[in-house]
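The values are calculated or read from the model by the stated rules, or taken from the named source; none is laboratory data. Everything numeric in this text was worked out from a predicted model, so none of it was measured. So basically every Cβ, Gly included, is an ideal-geometry build from the backbone, and we count neighbours across all protein chains shown.
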Amino acid sequence: MSSREHAELERLRRELAEAEDALSAIRTGEIDAIVVQGSTGPVVYTLKTADTPYRLLVEQMREGALTVSAEGTIIYANAAFARMVEHPAERLRGADLMEMIADAPDRQASRLFTGPVSAGRDIRLRTSSGALRNVYLSSAPLTIDDKQVHCVIAIDLTRQELRRRHEAIVNSSADAIYSLDPNRTITTWNQAAERLYGYAPDEVIGRKVDMLFATQSLGSDICSESFAQSQRETVQITKSGKRIDVAISVATFGDADVPEGIAIIARDMSDRNKAQDHIKFLLKESSHRSKNLLSVIQVIASQTARAADTVDQFQSRFGQRLRSMALSHDLLVSEDWKRASLLDLVRLQLEPFAGPGLLLKIEGPSVYISPEAAQHIGLALHELATNASKYGAWSVPAGEVSVNWKVLTGGDLHLSWRERNGPRVEPPSHKGFGSTLTEYVIEQALEARVAMDYSPDGLTWTIEVPAHYVPETS
Amino acid sequence: MATLRYGLTLFVTGATPRSVLAVENVQAFCGRELEGSYDLEIVDLYEDPSRAQPANVIVAPTLIRYEPKPVKLLVGDMSDTQRLHSTIMA
């Protein structure tokens, strides 16, 4: 063999080895494409492995995707469509799409696949379990190996409808609801969030949630384990810089291993906290008043007991005094325990004593007195009326009581109780609870000036109460 | 004395998986073994299928060594470093 022939043989050997390599590579799937000389020039044929990314995309998309023959036979269907009709995907190949369509008028391929790209229509699919599912079908013609097929996309309207309803619920919620991606970036923002924080959606979406917290660490805490699936109260900052008390609920959504994000529900607790503070104040105030009231009742009880000869007498007198206190109390409650009308107080206390033929004259300007003054003056009027009924003007038919008041220059209140046309008056030989109360107790309690005049033609009691017990006059 | 220079052409088809691997493997090998003494052309047959026939390329990815002679050819994703070495350097 000549050296030329030898070289030629070597070249052929090498080319054969290369050709074998190429064949082996094709056989073992090491290549992506084959170049073939077609009638119009070279054509690149992509092999199966090359279209894997596209196939995966179609397999994993959430919408149903299928290729269907002109007659409606399913050539290929993805997993989402299989789930939609509750069929195993492999059994869908060769199945008749038309048989899955619930309503007869929709069951015509010509109606479903019209035009270059069908505008799509709402149809109802019957699942393998017999359930009906609203689906939006759209299609586009596709030519494979000179054969006309249709590429069909099916969108599950039940899910869309659910999503629409969820959005409506979220948007109408009184609580702020927003979501974050795993990097704490705000992704959704409902109307209540806009009201609570003052930010419009475009001012917050895409920004870190930290902007709503007083400190960045609080912002990062929200993604921590301790916050997950729990409710917690914290302080947040609004757009105007105002600090607000909020109760925050946090829940992750997506897969447990790969969370897609965090949903946050925030409730404004400022009003509730204010209401709680008010309730605490009222309870404290109520406790304070109850203690005062109890100590007054205690004094009345012991004084009444001291003056009473029998248990019956004690019960009767003590009961009357308690009723008098209750009357003043009711009047104060109706005015939110802030003040009492003097005219109402006088009427309430004296009406139980007034009867046919008993003369009572009441005269004075419209005046409101403080709760403390109302309690003491109320009790004093009760004692005076009791005394008048037993021994004074109201113990005889012609007797007359007049109660007058006026506001003095400087604001002090001057009130007088005057009895006329009663029996002749004589100063009492001993001081009972009534006179102790009307002369001394009230004097000390209200820093008042009190005068008791046992004039023979009728008793006169006057009191001057300092202006600060008289908050309102007209 | 003229330095030895390698003339290489890699035929691929867009961003298909093995084409992407072949580009990465050849570039890594040349950068490591040939230290700048090479010219590498990457041809995308999707963009220019007419380049295949003159080069006798029937599959992708294919690597052709034009220089030094003789012309040599390797098919696949070029992940077998030993074969890549013997095709380019032997």
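Here are the numbers for the structure shown:
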read-out: The range B:37-66 residues that are facing chain A (nearest Cβ under 10 Å), paired with ones that are in a helix (DSSP H, G or I) and of a type in the set (A, V, I, L, M, F, W, C) (beta carbon under 7 Å, 6 or more apart); value: B:I58/A:A22; B:V59/A:A22; B:V59/A:A25; B:V59/A:I26; B:P61/B:A22
read-out: Those residues of the range A:178-193 which are surrounded by fewer than 21 Cβ atoms within 10 Å (Cβ to Cβ) and under 15 Å from the mean Cα position of the chain (by Cα), in sequence order; value: A:Q191
read-out: Cross-chain or 6+ apart pairs with Cβ under 7 Å, the range B:68-82 first and facing chain A (nearest Cβ under 7 Å) and buried (at least 19 other Cβ atoms within 10 Å of the Cβ), then part of a loop (DSSP other than H, G, I, E, B) and of a type in the set (A, V, I, L, M); value: B:V75/A:I31; B:G76/A:I31
read-out: Top-ranked residue of the range A:426-474 - restricted to ones that are touching a strand residue (DSSP E or B) at 6+ places or on another chain (Cβ under 6 Å) and of a type in the set (D, E, K, R), ranked as nearest to A:L343 (Cα to Cα); value: A:E472
read-out: Yes/no for A:E99 being within 45 Å of the chain's Cα centre (by Cα) and either assigned by TED's automatic domain parsing to the domain that holds A:C151 or at pLDDT 75 or above (or both); value: no
read-out: Selection from the range A:441-451 of residues that are part of a strand (DSSP E or B) and crowded, with 16+ Cβ neighbours inside 10 Å; value: A:V450
read-out: Strands (runs of 3 or more DSSP E) contained in the range A:364-436 and holding at least 1 residues touching a helix residue (DSSP H, G or I) at 6+ places or on another chain (Cβ under 6 Å) and among the aromatic types (F, W, Y); value: A:413-420
read-out: Count of the range A:423-440 residues which are modelled with pLDDT under 90 and either in contact with a Gly (Cβ under 9 Å, 6 or more places away or on another chain) or surrounded by fewer than 20 Cβ atoms within 10 Å (Cβ to Cβ) (or both); value: 12
read-out: Out of A:P427, A:P371, sole residue that is in contact (Cβ under 8 Å) with a residue 24 or more places away in the chain and over 23 Å from A:V296 (Cα atoms); value: A:P427
read-out: Pairs, first hydroxyl-bearing (S, T, Y) in the range A:294-322, second surrounded by 14 or more Cβ atoms within 10 Å (Cβ to Cβ), C-beta under 9 Å, six or more apart; value: A:T304/A:F314; A:T304/A:R317; A:T304/A:F318; A:T304/A:R321; A:T304/A:F433; A:S316/A:A308
read-out: Matching residues in the range A:296-312 - criterion: being assigned to a helix (DSSP H, G or I) and either exposed (fewer than 10 other Cβ atoms within 10 Å of the Cβ) or aliphatic (A, V, I, L, M) (or both); value: A:V296, A:I297, A:V299, A:I300, A:A301, A:A305, A:A307, A:V311, A:D312
read-out: The listed residue being within 12 Å of another protein chain (Cβ to nearest Cβ) and surrounded by 16 or more Cβ atoms within 10 Å (Cβ to Cβ), out of A:A65, A:A19, A:A33, A:A7; value: A:A33
read-out: Identity of the residue in the range B:20-36, of a type in the set (A, V, I, L, M) and crowded, with 18+ Cβ neighbours inside 10 Å, that ends up farthest from the other protein chains (Cβ to nearest Cβ); value: B:V26
read-out: A:V346 being outside any helix (DSSP H, G or I) and in contact with a Phe, Trp or Tyr (Cβ under 9 Å, 6 or more places away or on another chain); value: no
read-out: Residues being at negative phi and facing another protein chain (nearest Cβ under 9 Å) - total across the range B:1-19; value: 8
read-out: Residue within the range B:21-40 that is within 19 Å of A:Y45 (Cβ to Cβ) and part of a loop (DSSP other than H, G, I, E, B) present; value: no
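The rows are residues; the columns are (1) at pLDDT 85 or above; (2) not charged (D, E, K, R).
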{"residue": "B:G36", "(1), (2)": "no, yes"}
{"residue": "B:I42", "(1), (2)": "yes, yes"}
{"residue": "B:Y46", "(1), (2)": "no, yes"}
{"residue": "B:S50", "(1), (2)": "yes, yes"}
{"residue": "B:Q53", "(1), (2)": "no, yes"}
{"residue": "B:P61", "(1), (2)": "yes, yes"}
{"residue": "B:Y66", "(1), (2)": "yes, yes"}
{"residue": "B:K69", "(1), (2)": "yes, no"}
{"residue": "B:V75", "(1), (2)": "yes, yes"}
